[in-house]
Amino acid sequence: MRPVLEELAGAYRVTHPNVQFQIRGGGSVLGLQDLQAGKADIAAVSWKAESEPIPPSVQAAPIARDGLVILVHLSNRVPGLTLLQLRALYRGETLDWATLGGPSGEPVVISREDGSGDRKAFESLVMGGDRVTLNALVMPTAQAVVEYVARHPAAVGYVSMAQLRDDARALLVEEVAPTPQQVQTGAYHLGRLLYLYLHSSPSPASRDFLDFVLSPAGQAVVGRHHVPLRQ
């Protein structure tokens, strides 16, 4: 969520030049921990299960919809995967891309670091309690995932649809493309909400920034990265 937050902060400062932002990465879990410890005013959280309780000291505000995209190298012509095929791939059970309609060769599975919202979302939406293979390569950022997949023909990874680039290819999942329209309607199986978490009694500045994010001007910025909640 860092790219959209940086653009939102820049747009907000146009009319609030005295407000300063310090935007740090590190994953959804670390952000929430820093918020609860009083080290942050706002935490960006890219995955919250419906059954997951919100800590009593904070409030959660959805700001966008997003989809996890399954990325492969441009030379990999696998048209798409079912959720069961994707789960088997990430369990390490698929030993040759050719069995899925791709080129001959063993898949190189890319995952994210512990604490990543992308990883929590992927494990919840895809793995169903199964463990990702211990042979998976763990990347520290979404950008690192895209860059690795773009350079390695056998690689497969997952990132936010906001990270899509021309040098890697997104797969269909259950024959549905990861487009804003399909995420908006819920047809894409790997959709999720993106949140900003604030203190239960936020500062006026934090509250005002959230109001801006949810305003038409803020949602227009959101729409350049994710699927806005308010059209």
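The values are calculated or read from the model by the stated rules, or taken from the named source; none is laboratory data. Quick caveat: nothing in here was measured; it's all calculated off a predicted structure. Note that we place each Cβ from the backbone using ideal geometry, even for glycine, and neighbour counts take in every protein chain shown.
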What residue, of Val29, Val19, Val14, is among the β-branched types (Val, Ile, Thr), assigned to a loop (DSSP other than H, G, I, E, B) and surrounded by fewer than 20 Cβ atoms within 10 Å (Cβ to Cβ)?
-> Val19
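Conditions (1) in a strand (DSSP E or B); (2) closer than 23 Å to Pro180 by Cβ, marked per residue:
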{"site": "Ala60", "(1), (2)": "yes, yes"}
{"site": "Ala64", "(1), (2)": "yes, yes"}
{"site": "Leu68", "(1), (2)": "yes, yes"}
{"site": "Leu74", "(1), (2)": "no, yes"}
{"site": "Arg77", "(1), (2)": "no, no"}
{"site": "Leu84", "(1), (2)": "no, no"}
{"site": "Ala88", "(1), (2)": "no, no"}
{"site": "Thr94", "(1), (2)": "no, no"}
{"site": "Ala98", "(1), (2)": "no, no"}
How many residues, within segment 129-167, are within 25 Å of Pro180 (Cβ to Cβ) and in a helix (DSSP H, G or I)?
-> 11
For segment 168-184, name all the residues that are free of Cβ contacts under 8 Å to residues at least 24 places away in the same chain and either outside the structural domain of Arg119 (by TED's automatic domain parsing) or part of a strand (DSSP E or B) (or both).
-> Val176
Whichever residue in segment 62-90 is at pLDDT 95 or above and surrounded by fewer than 16 Cβ atoms within 10 Å (Cβ to Cβ) and, among such residues, is nearest to Thr185 (Cα to Cα) = Pro62
